[in-house]
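The values are calculated or read from the model by the stated rules, or taken from the named source; none is laboratory data. Nothing here was measured: the structure is a model prediction, and the numbers come from that model. As a convention, Cβ positions derive from the backbone with ideal geometry for all residues, glycine included, and neighbour counts pool all protein chains shown. These accessible areas exclude ligands, DNA and RNA; they are computed on the full protein's heavy atoms, side chains included. Shrake-Rupley method; radii C 1.70, N 1.55, O 1.52, S 1.80 Å.
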Amino acid sequence: MLITFEGIDGAGKSTQIRKLTTHLRNQGEEVLTLREPGGTEVAEKIRTILLESRHDITPVGELLLFSASRAELINEVIRPALLEGTTVILDRFFDSTTAYQGYGRGIDLPTLRSIIALSTDGLQPDITFYLDILPEEALIRKFSEKSIPLAFDNEELDRMERSGLDFYQKVHEGYKTIMQQEPSRFVSINARQSIQEIHTLILKTLKGRLPNPLP
Ligand code: ADP
Ligand code: TYD
């Protein structure tokens, strides 16, 4: 089973993934947790290129680098794990590309879809949790996590985080459109709730859907 988490930076994805992974492992489930971009030697190198703030990268270059990282991760890690029956939890997948490079950077959607199809070889998540929060609020969490003032030119931010509020608003709108197109795959959760409330909702949703259902 492939479970993915989506949402803008600071929505709380990593926090929920950590809790879910611990919970499932305590139930005896084989779980592999990964984040995009990254997860293989090559993909981690691509991650560094993409996120280091000193690089200037064109939208097309960015799309191809995220896609290259994804192709490596799927081929080397995700497909083999799924074939063994492991539950794979992914912090971001191709919906991030549609939201950030498509709606955020403005790459045309038919081109983007064909590149996603090529890089994923058709792999689809079984379920996608979308943590919904306004960009302003999510980014305030990021700034306070890093203990830095609210300024998008701050050098402590990574290259993507420096894209500015307008960009994140487009990404946020983009996610809404993506979810409307595939309502059966997405579970949208209000990310302003407490960490524990969100965790409980995720467990409730997964109950009965995992290969070894949760008690
Ligand atoms: P993401 O992986 O989506 O970027 P994180 O899980 O790293 O988000 O969370 C970003 C920051 O927000 C962290 O400091 C985290 O402790 C905090 N956080 C996560 N979930 C919540 C929540 N439900 N309410 C308040 N703060 C949260
Ligand atoms: P990361 O720190 O892993 O995410 P987060 O800030 O949510 O904890 O950073 C990954 C960044 O890359 C994030 O800004 C989203 C962006 N991204 C894309 O633009 N396109 C993609 O396809 C992926 C996977 C990520």
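Determine which member of the set Gly61, Gly7, Gly12, Gly39 is at positive phi and more than 12 Å from the chain's Cα centre (by Cα).
Of the residues listed, the single one that is at positive phi and more than 12 Å from the chain's Cα centre (by Cα) is Gly39.
I'd like the full set of residues that are near ligand 1 (Cβ under 9 Å from one of its atoms) and open to solvent by less than 70 Å² (accessible area, probe 1.4 Å), limited to the range 186-198.
Ala191, Gln193, Ser194, Ile198
Residues in the range 148-165: is at least one open to solvent by less than 30 Å² (accessible area, probe 1.4 Å), under 29 Å from Leu82 (Cβ atoms) and in contact (Cβ under 8 Å) with a residue 40 or more places away in the chain?
Within the range 148-165 (the criterion being open to solvent by less than 30 Å² (accessible area, probe 1.4 Å), under 29 Å from Leu82 (Cβ atoms) and in contact (Cβ under 8 Å) with a residue 40 or more places away in the chain), the answer is yes, since at least one residue qualifies.
Taking the range 1-16 as the region of interest, how many residues are more than 6 Å from ligand 1 (Cβ to nearest atom) and either open to solvent by 10 Å² or more (accessible area, probe 1.4 Å) or more than 17 Å from Met179 (Cα to Cα) (or both)?
3
Need the failing condition index for Glu6 against (1) within 12 Å of ligand 2 (Cβ to nearest atom); (2) out of contact with any Lys or Arg (no Cβ under 8 Å at 6 or more places or on another chain), just the number.
Going through the list (1) within 12 Å of ligand 2 (Cβ to nearest atom); (2) out of contact with any Lys or Arg (no Cβ under 8 Å at 6 or more places or on another chain), Glu6 breaks only (2).
Can you pull out every residue in the range 91-108 that is part of a helix (DSSP H, G or I), open to solvent by less than 50 Å² (accessible area, probe 1.4 Å) and either of a type outside the set (Asp, Glu) or without any contact (Cβ under 8 Å) to a residue 12 or more places away in the chain (or both)?
Phe94, Ser96, Thr97, Thr98, Ala99, Tyr100, Gln101, Gly102, Gly104 - these are the residues of the range 91-108 that are part of a helix (DSSP H, G or I), open to solvent by less than 50 Å² (accessible area, probe 1.4 Å) and either of a type outside the set (Asp, Glu) or without any contact (Cβ under 8 Å) to a residue 12 or more places away in the chain (or both).
Going by what's in this entry, would Pro211 be described as in a loop (DSSP other than H, G, I, E, B), at pLDDT 95 or above and of a type outside the set (Phe, Trp, Tyr)?
No; evaluated as a whole, the condition is false for this residue.
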